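Trainee: Sharing a structure, written as structure tokens. Questions coming.
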Amino acid sequence: MTTHLSTGPFEYFTAPASHPSPDKSHPKEQRKNTTTPSREVDEFLAGLSESDRTALEELRRAIRAVTPEATEKIGYGTPAFYYKGRPLVSYGAGKSHCAFYVQSPAVMEANRAELEGFDTAKGTIRFRPDRPLPAELVEKLVRARMEETDAAG
């Protein structure tokens, strides 16, 4: 049975708990960094449409590439990465788009030129699954969030 979560203007779906995790022994599933994949995030992604899941898995890989020490879990109904015990970034899917939650208006403003042409709000970038965010942009924003977190102590 699929669970439906309603979180304001976005609706999220999670897969049944019996859904198997990806095979970590398969070379494609092996990761260079030490971020441990979260089973609850795997289940969340499994409950999405193929296009949303593909786009968000690509986003997840880009985030992981620069956050080897981050932890991953569901936070506030969406997959999230935590860095030094604090929320770093998160992502999700709405009815007609995917979203990358940078969670920092300051980082968004500092990267305004690179974000031109994207549908943005305070700390959010919305995108269509068939037009995923460039990995280089995601990595730049995640690094900026890590620097922001480090500076906050």
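Trainee: HIS97 fails exactly one of the following numbered conditions: (1) surrounded by fewer than 19 Cβ atoms within 10 Å (Cβ to Cβ); (2) touching a Leu at 6+ places or on another chain (Cβ under 6 Å). What is the number of that condition?
Mentor: (2)
Trainee: Now, a different point. Within segment 92-100, does at least one residue satisfy the condition of being within 16 Å of GLU139 (Cα to Cα), touching a Gly at 6+ places or on another chain (Cβ under 7 Å), in contact (Cβ under 8 Å) with a residue 24 or more places away in the chain and not β-branched (Val, Ile, Thr)?
Mentor: As a first pass, look at segment 92-100 and keep what is within 16 Å of GLU139 (Cα to Cα): 99-100.
Next cut, touching a Gly at 6+ places or on another chain (Cβ under 7 Å) only: 99.
Adding the requirement that they be in contact (Cβ under 8 Å) with a residue 24 or more places away in the chain leaves 99.
Checking which are not β-branched (Val, Ile, Thr) leaves us with 99.
The answer is yes; a qualifying residue exists.
Trainee: Mind listing whichever residues of segment 105-139 are of a type in the set (Lys, Arg), closer than 18 Å to ALA93 by Cα and touching a strand residue (DSSP E or B) at 6+ places or on another chain (Cβ under 9 Å)? Don't jump to the end; show me each part of the working.
Mentor: Taking segment 105-139 as the starting set, the residues that turn out to be of a type in the set (Lys, Arg) are 112, 122, 126, 128, 131.
Now drop any that are not closer than 18 Å to ALA93 by Cα, which leaves 122, 126, 128, 131.
Correct list: ARG126, ARG128.
Trainee: If you don't mind, there's one more thing I want to ask. Which of the following residues is of a type in the set (D, E, K, R) and surrounded by 20 or more Cβ atoms within 10 Å (Cβ to Cβ): GLU50, GLU72, GLU57, GLU148? Even if it seems obvious, please write down each step before you answer.
Mentor: Working: GLU50 fails: surrounded by 20 or more Cβ atoms within 10 Å (Cβ to Cβ); GLU57 fails: surrounded by 20 or more Cβ atoms within 10 Å (Cβ to Cβ); GLU148 fails: surrounded by 20 or more Cβ atoms within 10 Å (Cβ to Cβ).
Going through GLU50, GLU72, GLU57, GLU148 in turn, the sole match is GLU72.
Quick note: the coordinates plus some simple rules give every number you see, no bench work behind them. What you see is a predicted model, and the numbers here were worked out from it, not measured in a lab. All Cβ positions, glycine included, derive from the backbone under ideal geometry; neighbour counts span all protein chains shown.
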